[in-house]
Amino acid sequence: MGGMTRFDTNPTGGAANAVQVRGLVKHYGETKALDGVDLDVREGTVLGVLGPNGAGKTTLVRCLSTLVRPDAGTAVVAGYDVVKQPRQLRRTIGLTGQYASVDEKLAGWENLYMIGRLLDLSRKDARRRADELLERFSLTEAAKKPVMQYSGGMRRRLDLAASMIGQPAVLYLDEPTTGLDPRTRNEVWDEVKRMVGEGVTVLLTTQYMEEAEQLASELTVIDRGRVIAGGKVDELKAKVGGRTLEVRPAAPEQLTAMARALREAGLDGIAGSQVDAGEGLLYVPILSDEQLTAVVGLLAARGFGHRAHRTHLPSLDEVFLAITGEKTSEAAAETVTPDSPANNKHEEVAA
Amino acid sequence: MSAATVRPRRRRAREGGARREGRIGLRANLRHIGALARRNALQIKQDPQSMFDVLLMPIVFTLLFVFVFGGAVAGNGKQDEYVSYLVPGLMAMMGLNVSMAVGTGINEDFQKGVMDRFRTMPIARSSVLIAKIVVEVGRMMVAFAILLTVGFMLGMSVETSPLHVLGAIGLSLMFGASLMWIFILIGLSVKTAQAVQGMAMLVLMPLQFGSSIFTPPSTMPGWLRAFTDYNPLSSLADAARGLFIGGPVARDVWMVVAWAVVITLVTAPLAISKFRKKT
């Protein structure tokens, strides 16, 4: 990865920022799609931008990929200003949208070949690169089929492959798995992880906490065009609660005994455990895999029979609840105006 | 980075070199147009029905006008003469119809995600539009070939040389290509493809029929002749006809060339700038 020296260095002295956004504003009439967004993506890392529908995620990606001109603020990607140096910037980015940004009528191979040629590869190199990427994204068999015959997962993979042809330094993934089934989602995640392993910087927007946790090292939570929380995924998880273990004892009357046993054993994080007698469930916050094993092991050793246990991550709604004390703007009354008290509350929390 | 708002002025001066670095050279531009034209051509291959208009329109229109109106216009039994009058001018009409389809095509293209990808790539944005025009001119050539074949089968005569015929075809293609910019501009300005069609029809009908394509304007009332005389489609039809069957054509040829150049110079930059700004 040459050419990294041109990135602006982080004033705090850490790794350089591949993406640096300051006070980015984009209004559509009365709608404040972006209302002063600040964020950084450190080189070689994945920043997850988490937020509900309409939070401004897509507008952010469109501004950063030169599709939309921001009304105010600055954004520098790979050392290039999105407004002043769009041409140079386009050479260093890749974009995969919510909808496949490939040509439906063309075969997968033709799509990749075309993009290779548009990126100034020679015919031979464009051909080779198309073959390579189809192979890598397990699409070789579908190479000659028009994209409209592809499944949802195949389309996303082709879209990722298309974004990789130019070997971008910075890749935007705008809700890359929205609408995919869990198995296909895992496939896409694996591909993204692989790209990150190769040193690509990724800005990922998502509505799923699980996706952010899987892929991102840092998170920015946005709502109504504003950043309402941000930081390392672990820090944020500590704030909003990470995984939770849910245990259903064989006999409901064992619930309190179970909780007591855990507390007496002095295991990490047990203080945060909760008993829901109505549902007959015990909730234990999970801090690490070791702790999870210890908790399950202890319950077994003490002879508590339990019918079922499972772990789950907080949903986007739970994350928002934890950060703002409110539901997502989407989940709350859908007609909340931008200037409502609800929004002010978000600002308070952000500050 | 809040200081960024203070320094743009000084920065701009120093950025001249970097700006040029991002420029796209002519050869690269041609390569991009080629790759995008290939895309448009492959789309046609994938969806052969999209060729129906250029395959059928020339046949249907020629048969319709020759056999339904031909007798009335040229006199009963003189359909042969009418074919020679009509067919060269029909190229103007075909050109107009094919151009119109470009507007709807661009509009539909814009509803798709692939346009976003093009617009985030280091290519001149005009190349997307030019590639479309290249392929549509190809479609126009197919329409003209079928039209002339039908014309010859119905007894159309050429009194001049093949070179003149090629000249007439070239002139019609040139004018058709310039019209495409108008329809691209319309296609980028309105919301849906249907709106493009509706708006285009409003302009198309009077232009087509208020011309010398189908009948000599000598029977039209004075006020209408004032329109037909300045209608560029009349000039094109007269020029093409002259190049097929002989007669003075210089004035009409220059009129058509002038129209094509002016239309392109005015609408192409508007269309490209509209395309750039479209979000």
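Mind checking the dipole of chain B: about its Cα centre, +1 per Lys or Arg Cβ, -1 per Asp or Glu Cβ, Debye to the nearest 20? Mind dumping the intermediate values first?
On the way: 29 positive and 14 negative charges, 517 e Å.
In debye, rounded to 20, chain B gives about 2480.
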Task: Interchain or long-range residues, amide H under 5 Å from residue A:72's placed H - done: A:25
Open item on the list: Suppose every Lys and Arg Cβ carries +1 and every Asp and Glu Cβ carries -1, with no other charges. What dipole size does the protein assembly as shown come out with about its Cα centre, to the nearest 20 debye?
Closed with: 2180 debye
Open item on the list: Using only the alpha-carbon atoms of the protein assembly as shown as identical scatterers, what base-10 log of I(q)/I(0) does the Debye formula give at q = 0.06, 0.11 Å⁻¹?
Closed with: -0.47, -1.09
TODO: Report, largest value first, the span of the C-alpha coordinates of segment B:103-154 along each principal axis, in whole Å.
DONE: 51, 20, 12
Task: Sorted by Cβ density within 10 Å, fewest first, the residues B:254, B:223, B:259, A:189 - done: B:223, B:254, A:189, B:259
TODO: Quote the FRET efficiency, to the nearest 0.05, computed for residue B:49 versus residue A:311 with a Förster distance R0 of 51 Å and r equal to the Cβ-Cβ distance.
DONE: 0.45
Task: Inter-site label distance for residue A:140 and residue A:290 at 7 Å from Cα along Cβ, in nm - done: 4.3 nm
Task: Exposure proxy order (Cβ contacts within 10 Å, fewest to most) of A:112, B:185 - done: B:185, A:112
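Over all residues in B:24-34, what is the mean tally of Cβ atoms on other chains that come within 10 Å of each residue's Cβ? All intermediate terms of the calculation are to be shown ahead of the outcome.
Details: counts 2, 1, 0, 1, 2, 0, 0, 6, 5, 0, 3.
For peptide B:24-34, the averaged partner shielding equals 2.
Residue B:159 to residue B:225: extension gain in nm, 0.36 nm per residue of separation minus the Cα-Cα distance? Please list the in-between numbers first.
Values: separation 66, 0.36 × 66 = 23.76 nm, distance 2.77 nm.
That works out to 21.0 nm of additional length.
Using R₀ = 35 Å, calculate the FRET efficiency as 1/(1 + (r/R₀)^6) where r is the Cβ-Cβ separation of residue B:30 and residue B:258; round to 0.05. List each step's numbers first, then the result.
Details: r = 27 Å, r/R0 = 0.78.
For residue B:30 and residue B:258, the calculated efficiency is 0.80.
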Task: segment A:32-105-segment B:120-154 distance, computed between alpha-carbon centres (Å) - done: 36 Å
TODO: Calculate the spin-label point distance for residue A:149 paired with residue A:277, positioning each point 7 Å from the Cα along the beta-carbon direction, and give it in nanometres.
DONE: 6.3 nm
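If you place +1 on the Cβ of every Lys and Arg, -1 on the Cβ of every Asp and Glu, and leave all else neutral, what size is the dipole of segment A:121-244 about its Cα centre, to the nearest 20 Debye?
Its charge dipole is roughly 360 debye.
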TODO: Kindly put B:85, A:150, B:230 in sequence by how many other C-beta atoms sit within 10 Å of each C-beta, fewest to most.
DONE: B:230, A:150, B:85
TODO: For residue B:68 paired with residue A:186, estimate the spin-label separation in nm (one decimal), with each label point 7 Å from Cα along the Cα-to-Cβ line.
DONE: 6.4 nm
Open item on the list: I'd like to compare B:88-98, B:125-135: which one has the highest average count of other Cβ atoms within 10 Å, and what's the full order after that?
Closed with: B:88-98, B:125-135
- [ ] Scan around residue A:79 for amide H atoms under 5 Å from its own, H built in the peptide plane at 1.01 Å from N, and keep only partners 5 or more places away or cross-chain.
- [x] A:8
- [ ] Would you list the P(r) distribution for chain B, with all Cα-Cα distances sorted into 10 Å bins from 0 and each bin expressed as a whole %?
- [x] 6, 25, 31, 20, 10, 5, 2, 1, 0
Open item on the list: Name the residue from A:148, A:251, A:202 whose Cα lies farthest towards the positive end of the charge dipole of the protein assembly as shown, charges +1 on Cβ of Lys and Arg and -1 on Cβ of Asp and Glu.
Closed with: A:202
TODO: Identify the GluC sites (Glu not before Pro) of segment A:168-264 meeting these criteria: DSSP loop state and at most 14 other C-beta atoms within 10 Å of the C-beta.
DONE: A:198
TODO: Calculate, in whole percent, how much of the Cα-Cα pair population of segment B:128-176 lies beyond 14 Å.
DONE: 60 percent
Task: Selection from B:28, B:256, B:210 lying farthest towards where the dipole of segment B:24-278 points positive, charges on Cβ - done: B:28
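If a helix is a whole DSSP H run, which ones in chain B reach 15 Å or further along their own axis (Cα) and hold a mean Kyte-Doolittle hydropathy of at least 0.5?
Numbers: long enough: B:26-46 (30 Å, -0.39); B:52-64 (17 Å, 2.29); B:79-110 (45 Å, 0.44); B:126-153 (41 Å, 1.85); B:162-189 (41 Å, 1.86); B:193-209 (24 Å, 1.25); B:232-245 (19 Å, 0.89); B:250-277 (40 Å, 1.06).
For chain B, where a helix must reach 15 Å along its axis and average at least 0.5, the hits are B:52-64, B:126-153, B:162-189, B:193-209, B:232-245, B:250-277.
Between beta-carbons, use under 12 Å as the cut-off and find the net charge around residue A:206, counting Lys and Arg +1, Asp and Glu -1. Working shown, then result.
Working: positive: A:57, A:185; negative: A:174, A:175, A:210, A:211, A:213.
Taking every Cβ under 12 Å from that of residue A:206, the sum is -3.
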Task: Per-residue [θ]222 nm for chain B (sum of -39500 (n - 2.57) over DSSP H runs n ≥ 4, rounded to 500) - done: -25500 deg cm²/dmol
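No lab work stands behind these numbers, since they all come straight from the coordinates. Owing to the predicted nature of the structure, the values given are computational and were not obtained by experimental measurement. Cβ coordinates were reconstructed from backbone atoms using ideal geometry, including for glycine residues, and neighbour counts include every protein chain displayed.
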